[in-house]
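See below for the structure under consideration.
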Amino acid sequence: MISVLFVDDHAMVRSGFRQLLETSPQFHVVGEAANGEEAFRLYFDLRPDVLLLDLLMPGEGGLATIRRLLSRDANIRIVVLSMFDEPGIVRRAMDVGALGYLSKGASLEELTAAVLAVADGHSYIEARLAEQLQAVELHVNPVDSLTTREFEVFSMLAVGHSVQDVARLLHLSTKTVGAHRTSIMKKLALKNSAELARMAIIWNIVRVPSRI
C-alpha cells in the first residue's frame, strides 16, 4: 500500500482528493497539512511514500517547500497538484525537484497513475500538460533568473493580483512583496505592470484569457 501526505491550504480540497484516492485499496492517506511548514514537519514524522502538494499556499509557498524538503532528503517523491497549468509553472516545479505534476482538473485515472509512477521513482506529468510543455519552444528564458520566491510573486502579479493581494495570500508584508517586485522588474528590465504581464504570456507563465 502506498502512503500519501496531502498538502493544501483548503480543508475541503484535501478531503475531496483524499476520498478520491482512497477509493483504491492501493493508497492510504497518512496525513494532511495546510502549509509548507506543517508539511515539512509531518513529512519527517510520517515518512509517506508520496507527498501530494499544492503550489499556492500561505507562508513559504509550494515551490520553496519543494526545495526545502529536497535539501534535507533528496529522495522525497513529490507530485504537484495545482490550479496552475501553464507550461512555465509546470517546468519550474519539475526543475526544482517535483517528480509529478497534475492540474486540479485531472481525472482520477491520472491522479492514480501519477501517484503510482512517482512512488516507483518515475516522473509523471498529466498528458494534457505534457503536450503543452512539449509545444513550448526551447529558448533561454529570462524568467529563470528569478529566485523561487520571486517567481511565485511574478506569477501572481502577472495574473492581476496587487502587491497587497500577494502579501495577504503568501502571508508576507507588503514591504517584502514590494521589494520582490522591484527586484523582478530590475532583473527582467521591465518598466511597468503591463510589460510584466506581457513577459509572463510570452514565456508561458500565464495564458491569454479567451475571448468568447
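The values are calculated or read from the model by the stated rules, or taken from the named source; none is laboratory data. If you're wondering where the values come from, they're calculated on a predicted model, not measured in any experiment. Neighbour counts run over all protein chains shown; Cβ positions are idealised from the backbone, glycine included.
Quick notes on this structure:
- Here Pro48 meets each of (1) crowded, with 21+ Cβ neighbours inside 10 Å; (2) farther than 15 Å from Ile2 by Cα with one exception, condition (2).
- If the condition is being among the charged types (D, E, K, R), over 16 Å from Ala93 (Cβ atoms) and at pLDDT below 90, then the range 117-156 contributes Glu131, Glu137.
- The set of residues in the range 16-41 being in contact with a strand residue (DSSP E or B) (Cβ under 9 Å, 6 or more places away or on another chain), surrounded by 14 or more Cβ atoms within 10 Å (Cβ to Cβ) and part of a helix (DSSP H, G or I) consists of Phe17, Arg18, Leu21, Gly36, Glu38, Ala39, Phe40.
- Residues in the range 119-135 that are closer than 18 Å to Arg77 by Cβ and not polar (S, T, N, Q) were compared, and the one that is surrounded by the fewest Cβ atoms within 10 Å (Cβ to Cβ) is Gly121.
- Test: residue in the range 94-105 that is over 30 Å from Arg168 (Cβ atoms) and of a type in the set (Asp, Glu): no
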